[in-house]
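What follows is a single structure, written as structure tokens, with notes after it.
The values are calculated or read from the model by the stated rules, or taken from the named source; none is laboratory data. Keep in mind it's a predicted model, so treat the numbers as computed, not measured. We place every Cβ from the backbone using ideal geometry, glycine too, and count neighbours over all the protein chains shown. For accessibility, only protein heavy atoms count, side chains too; no ligands or nucleic acids. Shrake-Rupley method; radii C 1.70, N 1.55, O 1.52, S 1.80 Å.
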Amino acid sequence: MSNGITRRAAGLLAVGLAPGLTAFGGVTSSGQGDQAYRWRNVKVGAGGFIPGIIFSRVERGLAYARSDMGGAYRYDAASGRWRPLQDASPLSSDFGVESIAADPTDANRVHMAVGVHRGDPGAMLRSDDRGETWSRVEVPFRMGGNEDGRGLGERLAIDPNDNQVLYFGSRHDGLQTSTDGGRSWAKVESFPLKGLGLPTGRETHGGLSFVVFDPRSGSRGRRSQTLFVGVADPHEHALYRSDDGGRSWRPVEGGPRAELSAAKAELDDRGVLYVTCTLGIGPNGVTDGAVWRLDTNTGAWTDITPPRPLGGFMGIAVDRQRPGALMVSTLNRWRPGDTIWRSTDDGRSWKSLRETARHDVSATPYLNWGNDRPDFGWWIAALALDPFDSDRLVYATGATVYETRNLSAADAGGPTAWKPWVEGIEQTAVITLVSPPVGPQLLTGFGDISGFAHEDLDRSPELQFTTPVFANTNQIDYAGMVPEIVVRSGTPHEGVGSEGHDGSTLAWSADAGRSWKPLGRPRPASGAITASPDNPRMDLYRDAPITVSADGSTFVLATPQTVWSDDRGATWRPCLDLPPLLRPVADRKDPGLFYAMDFATGGWFVSVDQARSFAPVPSRGLPDVSGDRPTWREQAFPLKATPGHEGDLWFVSRSGLYNSRDGGQTFARIDGGLAVEMLDFGKPPAGSAYPALFAIGTRGAVRGVFRSDDRGRTWLRVSDDRHEYGRRYRAIAGDPRVFGRVYVATDGRGVVYGEPA
């Protein structure tokens, strides 16, 4: 470290900036004083895994979909769109839907089993108004709505002859039942498989995969006597049967070989039960499978498995208008890819729909993944045929839901036409987002689907982050004074070698995120580091945060030894005198200034030469920050530089919110009565040149979205009780062009944005 750099840093930081701050107080009221906001989704169109879709057997056009971490949806034919059913819930664990059941006699009633992971409380939800409101009963058995095996089912079933009787096949605690319409639950002690109990490691249990009633075995008001339960845990029998209303049970002899799991089943009106089977419970890791037909009248099994390259079978749908017609989906058939098999003769012969299918994804163009055409899909667990329309088949992939209205064309050798059936569904995990002052209104980084430049918030974006495509985009930054220059980092796409998927994890844009170029990756060597696609990475988890100087000329990459480049990644050089494992932040106004916090020691480092070198600078006012160091690559970084204000910094600590106006030499705690978790900046309020602040935080018992127009002295709650989204917040961004507008990244419900009503 040169003495010249030290003197220059101290001199620049001391000139022309405000003196150290003093702490401020003040709390706004948490109820009537908060501002009314209108909340909507930024439209992408689905984007995540839908493990189950069911059509109502009572009302034409009524359907429900369950997601693994974004709650449930209802489709209404009159409006032609899906409606989210849990946005008012503040309970994060309820957004993993283990199973859903539409009442077979009452179109207004629907039940759900919910719980994201086995560590969350499990609950049963019941609605008598199609999911507009719910009654909730906590149960002692745990769910796994976002665990392996989430495509199995449906685990939850309602007796079509007596809708007060429900059964649920649990993962860990055997068979459960309710005889009072879901208001209370008890274990079925007569069922021979008691469950394996909660696992001690990271693995999970498939448990009991489905429950199916035979409606012929009862009558209206007299409960069904015959029902079937599928077994997904390792067991010699795939299926159990009761013929006395669940009082006694016996295994159904024969059928699938012992190592296979029963995955899904459908019973047709003749009493024929079709069962899909997997080796592995999915959605990944399935290596084999089978499809079996059981004549429940005679007990005769028939193996009707379609041709099966590597992979299994999971989704199943029967035609209620045409006995003997059924469809099954493959799972984990990566080469040549998954398909849907169709049979019209009880499984004696099959036809694959994949080869002639035509997918029109113009409404959600990201499904092309930068290629000329979309893939047929993967993780096809949800498969459903409209019971009122034999031509309407739907299936869900790991990214969307497709619908066809001309299924019967396949019987004559013609192509089936598919479109995304997703209007109203936003089911994604959003990792990061930025609202720049120019160009697209919003830049977003997603898990699994790379990210987007949103020119129109009400349309699925044309501009996906391609060339290169990332699997996850974990971080985005733009140059404070030249915001057309944008950088991003992420994790590599698994399809390396296909078009647009070159394994890159760094990219930059010169047109505000509309188009991208890959950045060269540094190699672990001292001095100049020449980029090469074959060089090993220096980071800790395949990706590294990247930032850009205020003038857009210098990129800084937070690999273990932080490096910089001024030639768009062609060469990288180490930042001198900066301790390892630090992540610099660029000043938003002065192109020479970068700041870095050493969380382990509390040391403060400053660069005045565009990150070529750093020097320690005395800093006071912050608490012990060792507990504030992010430990996960998708975690919001606690140090933020204020747009348009040189030397103005904010630090989000577990101990409080801190602001510096002198480049980090002094920090003052801002006590506005809000425990802040994440912070960003929006357009200044009228009469002010300083940005409005937006935060995810907690005030009293309420966690939500807040705005401050006075530098954090007071806060307005701008979220409300109708828009809680499970309080699953991952990132926040204020809009610098529209006062009061804020974007929030949720974990499962996509990007939502609010603005004053």
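Worth a mention:
- Cβ charges +1 (Lys, Arg) and -1 (Asp, Glu), total dipole of the chain, debye: 640 debye
- When each of the peptides 342-349, 157-164 is scored by how many other beta carbons lie within 10 Å of its residues on average, the order from highest to lowest is 157-164, 342-349.
- Contour excess over end-to-end distance, with Cα ends at Ser655 and Thr179 and 0.36 nm allotted per residue: 166.4 nm
- Distance in nm between pseudo-label sites at Asn371 and Ala88 (7 Å out along the Cβ direction from Cα): 4.3 nm
- Using the Cβ of Ser135 as centre and a radius below 9 Å, the other residues enclosed give a net charge of +2, where K and R count +1 and D and E count -1.
- Across every pair of non-identical alpha carbons in the range 352-404, the mean reciprocal distance, once inverted, gives a Kirkwood radius of 12.0 Å.
- Cα centroid separation - the range 689-757 against the range 109-144, whole Å: 28 Å
- Charge dipole (the chain, unit charges on Cβ, about Cα centre) - positive-most of Leu581, Ala238, Phe651: Phe651
- Percent accessible area from carbon and sulfur atoms, the chain, protein chains only, probe 1.4 Å: 49 percent
- For Ala417, neighbours were defined as the other residues whose beta-carbon sits under 9 Å from its Cβ, and their charges (Lys and Arg +1, Asp and Glu -1) total +2.
- Simple spin-label estimate for Arg202 and Thr302 in nanometres, 7 Å along Cα-Cβ: 4.4 nm
- Set Lys589/Lys683; Lys517/Lys589; Lys640/Lys683; Lys187/Lys264 screened for pairs whose C-alpha atoms are more than 20 Å apart: Lys517/Lys589; Lys187/Lys264
- Reachable aspartates and glutamates, given that their alpha-carbon falls under 14 Å from the alpha-carbon of Lys194 and they are not under 8 places away in the same chain: Asp173, Asp233
- Comparing Gly377, Tyr725, Pro618 along the charge dipole axis of the chain, the residue lying farthest to the positive side is Pro618, per the Cβ-charge model.
- Rounded accessible area per residue of the range 541-671, 1.4 Å, Å²: 35 Å²
- Accessible area of the range 298-348 divided out per residue, in Å², using a probe of 1.4 angstrom: 39 Å²
- Within the shell of other residues whose beta carbon sits under 9 angstrom from the beta carbon of Leu279, the net charge comes to -2, with Lys and Arg scored +1 and Asp and Glu -1.
- Residue-span extension gain [Thr601 to Arg60] - 0.36 nm each, minus C-alpha spacing: 188.3 nm
- Calculated log₁₀ intensity ratio I(q)/I(0) where the Debye formula runs over C-alpha points of the range 274-343, q = 0.16, 0.22 Å⁻¹: -0.54, -0.91
- On a per residue basis, the range 186-237 carries 49 Å² of accessible surface, using protein heavy atoms and a 1.4 Å probe.
- A convex hull fitted around the alpha carbon atoms of the range 182-252 yields 110 Å³ per residue.
- Solvent-accessible area of Ser219, all protein chains in place: 60 Å² (probe radius 1.4 Å, heavy atoms, ligands and nucleic acids excluded).
- Per residue Cα convex hull volume in Å³ - calculated over the chain: 152 Å³
- Contour minus Cα-Cα distance for Arg620 and Glu455 (0.36 nm per residue): 55.2 nm
- Relative contact order, percent, the chain [alpha-carbon distance under 8 Å, six or more residues apart]: 12 percent
- On Cα atoms only, tilt of 3-14 relative to the major axis of the chain in degrees: 80 degrees
- For the peptides 449-462, 474-487, the ranking by packing is 474-487, 449-462, with the highest mean count of neighbouring Cβ atoms within 10 Å listed first.
- Peptides ranked, highest mean first, by Cβ atoms within 10 Å: ranges 40-50, 667-677: 40-50, 667-677
- Between the range 255-296 and the range 590-638, the Cα center-to-center distance that results, in Å: 56 Å
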